[in-house]
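Chemist: Just passing along the structure, written as structure tokens.
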Amino acid sequence: MFARLNLIFGGILGSVVLGMALLALVWTPASPVAIDPINRLSGPIPGHLFGTDEFGRDILSRIMTGAWTSLSVAFLTVAFAVICGSAIGLLTGFYRGWFDRIAMLLNDALLAFPGILLALGIVAIIGPSKYGIIIALGIAYTPKVIRIVRGTVLSLRQKEFVEASRALGNGSVFTMLRHVLPNSFAPIAVLATSLFGWVILAESALSFLGLGVPPPAATWGNMLSAARPHLSTAPWMSIIPGGFIALTLLSINLLGDALRDWLDPRM
Amino acid sequence: MAQFLVKRLLMAIPTLLLVALLVFMLVRLIPGDPALILLGDGADANSVAAINRRLGLDQPLPVQFFIWLGNVFQGDLGNSILTGDPVLALVWDRFQLSATIILLAVGTATLIAVPVGIFAAWRQGSGMDFTLVALATLGLSIPSFWLGLMLLMLFGIQLGWLPVVGYVSFGQDASLAITYLVLPVLTLILIEVGVLTRMVRSSAIEVLRLEYVTHARAKGLSERSVLFRHVLPNSFAPTLTLIGIVLGTLLGGIAVVETVFTLPGLGRLLVESIYSRDYPVVQGCLLMIATGYVVVNLIVDLLYPFFDPRVTLE
């Protein structure tokens, strides 16, 4: 009964954020890096709808480019984790054997690290940059995808239709790609949606800690971290970027719920 | 029970060994020479070699690993490159603060979420249910570091009720220490209540649909005893698994909350030692967090049968 409302609210919020991100590629009200020393730490005024930061940069423009950074990082990271994780999960779950055992031992060890912690460690190695973050978060969240996909594949390979496909003399690669993979789609789709939210949150947390996409590029996380010293004099600097992270996550959670309701009407 | 415990503990050993290996490799891969950090960029080759010898960094990597592992087994995690303090004591000290915050927050959140989630499930589809689910979804969508900043702005700056920066330990002044912990704990409670309420609600909905609930109602039991005797225990078991996951995730994600509230916890120690390339401390923190995660999962596995007797320990 919530499904439709979830879809509507999640869809509206998501489109607003996505629209801002795409618009930022071609137009922003001001340059996100242009400094305006006279209007430093200014509240909302005409010309600076969301006010300015400690260098007098326009916050609305930085929010818009930050939206693109967050969404593109999250999209590429989820694509990375889902593709690698599904491939490994499918192969290990379908073929089993010693390779599966070793892979799962390693996977369990990786799962003993909370995702963001592993990302923190990897960022420390490859250094904070946009693509560094994508690789770090991608590697950090792949083990979760592997576990879910492998679990689904393990139950699917016992099903009659897989046995039937084998009995018909189909090769194992054909059976795997034609019958097992399409049937694992629902759990992968639900996982990918949650993953998208986790990655947005993790990326902004890393940026907040100073280990994300480095300045002067704007991300919601590094805007929040720059706002901390000005909490009492320029509250809008912290209210606005964090509010956008929360709205984006809310939209993803609502869309995720709608997707789950649609794929699993039992709930 | 004892047999299961031993088996489960033995199963945790290869995982922990691999965790140790991963931590060791991860930290060796961090670019930057600790000797140069210690001495400054202008250091001559002889002093660099001397430092590397002293820290054992001139040995081949596998040798370094086994020396390190041997020391870890003896409770020796090395000394901080920066301050020379023993890492184990440092990490343990910081861990206690982080663990206190996390346990207080998750404990309180569970006490709130279980009745609220069951109530929402019981009234599934009503306006009340809708409001509670909407609030829970909102709660879990708010990033902890932003909520922390907002609470700090309200209670610390606008109202001036609570301190804004710094920390006083329990040993120094217990009542003052509590004032520093109120906001970080409250921040985590507000978020985790959302996560846990949704989980309790959906597992309670599953349980309410089962035949033994219909049977209990048909028997003429009051709604109160149906909910408390039948629905609560059965929907708590899946929630227990989630509590384990939440504890582990918070252990990894506590760094941002500690940064907002300038608390000297494990997460901040980790981030600071990544900045200063203090290898042994980074290793110690990662090892502590991963071990904590494995231990939490172990405890959850052991507790599970008490809440769901269908699961046996064998």
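Read-outs throughout are calculated quantities, based only on the coordinates presented, and are distinct from any laboratory measurement. These numbers were taken from a predicted model, which means no experiment stands behind them. So basically every Cβ, Gly included, is an ideal-geometry build from the backbone, and we count neighbours across all protein chains shown.
Chemist: Taking the Cβ of A:G89 as the center, what net charge do the other residues with Cβ under 15 Å away carry, scoring Lys and Arg +1 and Asp and Glu -1?
Modeler: Counting the neighbours of A:G89, the net charge comes to +4.
Chemist: Separate question: Taking a cut-off of 15 Å between Cα atoms, list the aspartates and glutamates near B:K219, but don't count ones fewer than 8 places away on the same chain.
Modeler: Within reach: B:E211.
Chemist: Sorted by mean Cβ packing within 10 Å, highest first, what order do the peptides B:82-88, B:172-178 take?
Modeler: B:82-88, B:172-178
Chemist: When the helices in chain A are scored as -39500 (n - 2.57) per DSSP H run of 4 or longer and the sum is shared across all residues, what 222 nm value do you end up with, to the nearest 500 deg cm²/dmol? Write out the running numbers ahead of the final one.
Modeler: Values: 10 runs with 187 residues, N = 267.
Per the formula, -24000 deg cm²/dmol.
Chemist: Computed on alpha carbon atoms, what radius of gyration and Dmax characterise chain A, expressed in Å?
Modeler: When restricted to the Cα atoms of chain A, Rg and Dmax are 21.8, 77 Å.
Chemist: Choose one answer from B:L240, B:L287, B:L21: the residue with the largest mean-square fluctuation in a GNM of chain B with alpha-carbon springs under 10 Å.
Modeler: Comparing B:L240, B:L287, B:L21 in a Gaussian network model of chain B, the most mobile one is B:L21.
Chemist: Then there is this: Working only with C-alpha atoms, what are the Rg and Dmax values of region B:139-226, expressed in angstrom?
Modeler: 20.8, 59
Chemist: Something else about it: Just want the ordering: A:S70, A:S232, from fewest to most Cβ atoms lying within 10 Å of their own Cβ.
Modeler: A:S232, A:S70
Chemist: Where in chain B are the helices, taken as whole DSSP H runs, whose Cα atoms extend 27 angstrom or more along the long axis and whose Kyte-Doolittle mean reaches at least 0.0?
Modeler: B:2-29, B:87-122, B:174-208, B:232-260, B:279-307
Chemist: Tell me the mean residue ellipticity at 222 nm calculated for chain B from its helices only (DSSP H runs of n ≥ 4, each -39500 (n - 2.57), averaged over every residue, nearest 500).
Modeler: -25000 deg cm²/dmol
Chemist: Take each complete run of DSSP H in chain A, measure how far its Cα atoms stretch along the helix's own axis, and keep only those covering 18 Å or more with mean Kyte-Doolittle hydropathy at least -0.5; list them.
Modeler: Flagged H segments are A:3-26, A:59-95, A:97-111, A:130-156, A:185-208, A:236-263.
Chemist: A follow-up question, please. Over region B:33-76, one equal point on each Cα, no solvent: what is log10 I(q)/I(0) by the Debye formula at q = 0.16, 0.17 Å⁻¹?
Modeler: -0.49, -0.54
Chemist: Additional query: Count, for each residue of B:283-289, the Cβ atoms from other chains sitting within 10 Å of its Cβ, then give me the mean as a whole number.
Modeler: 2
Chemist: Now a separate question. At q = 0.13, 0.15, 0.16, 0.23 Å⁻¹, what log₁₀ I(q)/I(0) does a Debye calculation on the Cα points of region B:72-182 give, no solvent, two decimals?
Modeler: So the normalised log intensities work out to -0.78, -0.92, -0.98, -1.25.
Chemist: Scan around B:N79 for amide H atoms under 5 Å from its own, H built in the peptide plane at 1.01 Å from N, and keep only partners 5 or more places away or cross-chain.
Modeler: The answer is B:V87.
Chemist: Averaged across the residues of B:131-141, what count of C-beta atoms belonging to other chains lies within 10 Å of each residue's C-beta? Could the numbers behind the result be given before it?
Modeler: Values: counts 0, 0, 3, 6, 0, 1, 10, 5, 0, 4, 13.
Mean shielding by partner chains, rounded to a whole number: 4.
Chemist: To continue, here is another question. Cβ under 12 Å from A:S42's Cβ, A:S42 left aside: what net charge do those residues give with Lys, Arg +1 and Asp, Glu -1?
Modeler: -2
Chemist: Stokes-Einstein diffusion coefficient for the protein assembly as shown at 37 °C in a medium of 0.692 mPa s, Rh from the Kirkwood formula over Cα pairs: what value in µm²/s?
Modeler: Answer from the Stokes-Einstein relation: 127 µm²/s.
Chemist: Averaging the inverse of every distinct alpha carbon separation and then flipping it gives the Kirkwood radius. What is it for region A:199-253, in angstrom units?
Modeler: Every distinct Cα pair counted, the radius reaches 11.2 Å.
Chemist: Quick one: which residues, 5+ away or cross-chain, put their amide H under 5 Å from the amide H of A:H48? H built at 1.01 Å from N.
Modeler: Close amide H contacts, sequence-distant or interchain: none at all.
Chemist: Then there is this: How big is region B:182-250 along each principal axis, measuring the range of its Cα positions in Å and listing the largest first?
Modeler: 47, 21, 14
Chemist: Can you tell me, using C-alpha contacts under 8 Å and at least 6 residues apart, the relative contact order of chain B as a whole percent?
Modeler: 26
Chemist: Take every residue in peptide A:126-133, count the Cβ atoms of other chains within 10 Å of its Cβ, and give the average of those counts.
Modeler: Per residue, the average neighbour count from other chains is 1.
Chemist: Sort the following peptides by mean Cβ neighbour count (other Cβ atoms within 10 Å, averaged over residues), highest first: A:89-95, A:35-41. Display every interim value, and only then the final one.
Modeler: Working: A:89-95: 20.9, A:35-41: 12.9.
Top to bottom by mean Cβ count within 10 Å: A:89-95, A:35-41.
Chemist: In addition: Given the C-alpha atoms of chain B, compute the convex hull and give its volume per residue in Å³.
Modeler: Spread over its residues, the Cα hull of chain B gives 173 Å³ apiece.
Chemist: Would you mind telling me which residue in A:S129, A:S165, A:S72 has the biggest mean-square fluctuation in a Gaussian network model of chain A, where springs connect alpha carbons within a distance under 10 angstrom?
Modeler: Sorting by GNM fluctuation, first place goes to A:S165.
Chemist: Could I ask something else about it? Using the number of other C-beta atoms within 10 angstrom as an exposure proxy, rank A:I88, B:I274 with the fewest first.
Modeler: In order of increasing Cβ crowding within 10 Å: A:I88, B:I274.
Chemist: Then there is this: Among A:I134, A:I146, A:I83, what is the fewest-to-most ranking by other Cβ atoms within 10 Å?
Modeler: A:I83, A:I134, A:I146
Chemist: Still on this model: Quick check on packing: order B:49-59, A:203-213, A:106-116, B:226-236 by the mean number of other C-beta atoms within 10 Å, highest mean leading.
Modeler: Working: B:49-59: 14.5, A:203-213: 26.6, A:106-116: 22.5, B:226-236: 19.2.
Result, highest mean Cβ count within 10 Å first: A:203-213, A:106-116, B:226-236, B:49-59.
Chemist: Additional query: Under 23 Å Cα-Cα from A:K130, which lysines qualify once same-chain neighbours fewer than 8 residues away are excluded?
Modeler: A:K144
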